Amino acid sequence: MKTYQYRDLSVLELPDTLLVTACDSSGGVGEKPGDELCVPTKYISIFAARVCLFELLSCGTEIISLSNTIVGEMEPTGAALIQGIKEELARAGIGELPINGSTEENFKTCMTGFGIFVVGIAKRLRITPSAPGDLVICIGKPKFGAALVLEGDPEIADYQDLKTLTENPAVNEIVPCGSKGILYEATNLAAIHQYQFEAMPNNLNVVDSAGPATTVIASIKPFALPELAAVFNAKLTVIGHLK
């Protein structure tokens, strides 16, 4: 067996398939007295699950299992977090999954902590190497923290956007953007292949955090831009090209 890391994914090569995992965590956000940002508890797991699902789905994996760790009691904190996971799985079009996990029942906690681990399988990863001349586009507007709209934000990338990208053969690599920001991910996308990313003027904040995968960047063949622009409209921004 061979194991390796691709971006934020861990990959285990089995004889007839790939086992691919992603994880995320959150601390200090929730409804406990010590939390720095107060939001309804279920949204912690909604956004954490979103991060992992975007990472795995962007590479063409099928989600098969999910585990969570809850730094708090089952009622009410754990129950709300599990409910958030189920809602996000439904939003992603994923049916019933085995959800394993653990809570803290021995000690009272004053701050919310949460971790999630998601497993997918694939015959091969959906990775078509980028090439010089590829355009780099961004879908969605980066948001994090208090700027996040908790329900149905039309400005951020969604699962249908991700599906549209993965099904288009003129789209090469797809990278969800998180806390390191859009510019970091675009630069890293180029560096993996020993290319350079040349930025183009745009109105996005490409430096700050993009939060829980609120945006997705992709390298595309230039001829695909008109078709994709017609689908995504204002959600699509050309941020640069590879050279």
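Contact map, the range 218-240: first residue touching a residue at least 60 places away in the same chain (Cβ under 8 Å), second residue among the hydroxyl-bearing types (Ser, Thr, Tyr) and surrounded by 18 or more Cβ atoms within 10 Å (Cβ to Cβ), Cβ cut-off under 7 Å, separation 6 or more or different chains; pairs are 219/130. When you check residue 25 against the structure, is it among the polar types (S, T, N, Q) and surrounded by 21 or more Cβ atoms within 10 Å (Cβ to Cβ), yes or no? Criteria not met by residue 25. Going residue by residue through the range 61-82, is there one that turns out to be aliphatic (A, V, I, L, M) and more than 29 Å from residue 111 (Cα to Cα)? Scanning the range 61-82, I find at least one residue that is aliphatic (A, V, I, L, M) and more than 29 Å from residue 111 (Cα to Cα), so the answer is yes.
Hey, does the range 60-75 have a residue that's surrounded by fewer than 17 Cβ atoms within 10 Å (Cβ to Cβ) and in a helix (DSSP H, G or I)? Yes, because at least one residue in the range 60-75 is surrounded by fewer than 17 Cβ atoms within 10 Å (Cβ to Cβ) and in a helix (DSSP H, G or I).
So that you can scan it fast, the table gives a plain yes or no per residue for (1) in a loop (DSSP other than H, G, I, E, B); (2) surrounded by 15 or more Cβ atoms within 10 Å (Cβ to Cβ); (3) basic (Lys, Arg); (4) outside the structural domain of residue 152 (by TED's automatic domain parsing):
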{"site": "189", "(1), (2), (3), (4)": "no, yes, no, no"}
{"site": "194", "(1), (2), (3), (4)": "yes, no, no, no"}
{"site": "198", "(1), (2), (3), (4)": "no, no, no, no"}
{"site": "210", "(1), (2), (3), (4)": "yes, yes, no, no"}
{"site": "227", "(1), (2), (3), (4)": "no, no, no, no"}
{"site": "232", "(1), (2), (3), (4)": "no, yes, no, no"}
{"site": "237", "(1), (2), (3), (4)": "no, yes, no, no"}
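In the range 108-124, of all residues being in a loop (DSSP other than H, G, I, E, B) and surrounded by fewer than 24 Cβ atoms within 10 Å (Cβ to Cβ), the one that is farthest from the chain's Cα centre (by Cα) corresponds to 108.
Among the residues of the range 10-45, the ones that are without any contact (Cβ under 8 Å) to a residue 60 or more places away in the chain and closer than 23 Å to residue 216 by Cα come to 1 in all. Of everything listed in (1) within 15 Å of residue 50 (Cβ to Cβ); (2) in contact (Cβ under 8 Å) with a residue 24 or more places away in the chain; (3) of a type in the set (D, E, K, R); (4) assigned to a loop (DSSP other than H, G, I, E, B), the single unmet condition for residue 151 is (2).
The values are calculated or read from the model by the stated rules, or taken from the named source; none is laboratory data. Please read these numbers as outputs of a predicted model, since none were measured by experiment. When we count neighbours, we look across all protein chains shown, and the Cβ atoms used for this are built from the backbone with ideal geometry, even at glycine.
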